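The values are calculated or read from the model by the stated rules, or taken from the named source; none is laboratory data. Here the structure is a predicted model, which means the values were calculated and not measured. We place every Cβ from the backbone using ideal geometry, glycine too, and count neighbours over all the protein chains shown.
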Protein chains: 2
Amino acid sequence: MNSSPNPENAESPTELASLVGAYPHGRVPRELRRRQILAVATEAFAERGFAGTSMDEIGRRVGVSKPVLYDLVGSKEQLFHEVVSVETSQMAARVQAAVLAEPDPSTKMRAGSLAFFRFIQERPAWRALVALSDGPVSTELAAARRYHARSVASLIAQGAAETGITLDDSSFDALAHAINGLNEGLALWWNDHLEHTPEALADLATALIGPGLEAFQKQLAEK
Amino acid sequence: MNSSPNPENAESPTELASLVGAYPHGRVPRELRRRQILAVATEAFAERGFAGTSMDEIGRRVGVSKPVLYDLVGSKEQLFHEVVSVETSQMAARVQAAVLAEPDPSTKMRAGSLAFFRFIQERPAWRALVALSDGPVSTELAAARRYHARSVASLIAQGAAETGITLDDSSFDALAHAINGLNEGLALWWNDHLEHTPEALADLATALIGPGLEAFQKQLAEK
DNA sequence: ACCTTGACCTACTGATAGTAACCTACCTAT
DNA sequence: ATAGGTAGGTTACTATCAGTAGGTCAAGGT
């Protein structure tokens, strides 16, 4: 069942390995090698965290020596950065799609929250990144949070605009950070209570923050 | 045993240095040396993060060689663990005190939130730990979050009990994680918007999650 | 005087990020 | 064909840092 396990853009190392195998003398085009490195690194970082993964290890798994890695990805931190960026943007895309697909404004929040929980449920890598991170990781994590918050903020702003509300970007950012933080907090709790479904979590998140958001919105609309 | 005469506030490295100066040949009693190391490490980790701080560096700042550090604190990770534990428990204590001091149940949430924001405002170390962390840091961070969540959960449970609501611990934990996550999300946003006061942030947090919590509470009370 | 103990040190090992310098198969233009 | 440029790759280093082995040195008890 896991022959091509990745639903989206993320390429699996094995998948890439077969492509690489097509080159007889082990001399593989740069771009393909690069993608392969990214795929292997994503897996490795997810399994053992940043500090727990050595460049030699990645090199061994790719079948290539260290200078090749450095030539293609610059440094361990840059490599990690790329991995996290890809994961982050995929998550943001998923959430955005879910929110935008939801016609009813009052349920957009739940839809986004649900998409978030489903994403981290199906992608252990993400869970590991959030839970086991290492190294200059949290710089990355903070950046990832900001990125995702911006994405959510623009969704909120868009929703608000439809009901005639305008507000400065910074305030939308604050709302988005609050919402994401709440969802992440629940995600952390979830790690110890895996028996719950993403739906249940999304319901809880919505129940907790929905009324506050509506009140907030009404208050703004009155002005 | 725990013969530390200083109860609550973290001891500053300079403070300890003068105590240490009292010993002529640089031969300082274990416990005092240990406290000094803790103090220096807290400062160093806050300034440069976990990976950015070397044991040699801490040794130099303390005025002692590495084996002394290892003898007294075990390992870099253990040292970090102790530093984070102290900070975490101090924060939890601060929040607890604020919530318990608040007579009106409806404003307990705001009081706790406010205490949280004030704490991280006055303690750059904490901010740095959350924002720049490294190494096996996030294992620690996750643990710290759980710890703090437990603390908040018991506050919630206590408040709920006063209005006759009972619920399993795990659900209170979920609420606490959600609330803390929301607050942390706002704290992250705050890093880029330092012009706001802790009060304003606490107001926002309360406005966002207060109505949800009340609704939640009413719904439970009806059963 | 001799031995024990407690605080501390020098000088190592081992792992790992990152680099310098070199190699070699393939392709293309003479 | 063949010389030589280039792309993909390698071996063998350096530097930094966590952690350790084994020893020094002073002070107090016997």
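Quick notes on this structure:
- Considering residues of segment B:180-195 that are charged (D, E, K, R) and surrounded by fewer than 19 Cβ atoms within 10 Å (Cβ to Cβ) only, the residue nearest to the other protein chains (Cβ to nearest Cβ): B:192
- Single residue of B:73, B:84 found to be within 14 Å of another protein chain (Cβ to nearest Cβ), within 16 Å of DNA strand D (Cβ to nearest atom) and of a type outside the set (Asp, Glu): B:84
- Among residues of segment A:45-56 that are within 13 Å of another protein chain (Cβ to nearest Cβ), those with a beta-carbon under 6 Å from a residue that is surrounded by 14 or more Cβ atoms within 10 Å (Cβ to Cβ) and among the acidic types (Asp, Glu) at least six positions away or on a different chain give the pairs A:49/A:134; A:50/A:134; A:51/A:134.
- Close Cβ contacts (under 9 Å, 6 or more residues apart or on different chains) running from residues in segment B:61-75 that are in contact (Cβ under 8 Å) with a residue 24 or more places away in the chain to residues that are surrounded by fewer than 14 Cβ atoms within 10 Å (Cβ to Cβ) comprise B:63/B:26; B:64/B:26; B:72/B:30.
- Only one of B:72, B:16 that is at pLDDT below 85 and crowded, with 17+ Cβ neighbours inside 10 Å: B:16
- Verdict on residue B:59 being at positive phi and buried (at least 18 other Cβ atoms within 10 Å of the Cβ): no
- Residues of segment A:34-57 classified as in a helix (DSSP H, G or I), under 22 Å from the mean Cα position of the chain (by Cα) and within 13 Å of DNA strand D (Cβ to nearest atom), total: 4
- Residue check, residue A:188 touching a residue at least 40 places away in the same chain (Cβ under 8 Å) and within 14 Å of residue B:176 (Cα to Cα): yes
Let's see how each residue does on (1) more than 8 Å from chain A (Cβ to nearest Cβ); (2) surrounded by fewer than 24 Cβ atoms within 10 Å (Cβ to Cβ):
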residue	(1), (2)
B:175	no, no
B:178	no, no
B:197	yes, yes
B:201	yes, no
B:209	no, no
B:215	no, yes
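- Whichever residue in segment B:61-70 is of a type outside the set (Val, Ile, Thr) and more than 11 Å from DNA strand D (Cβ to nearest atom) and, among such residues, is farthest from the other protein chains (Cβ to nearest Cβ): B:63
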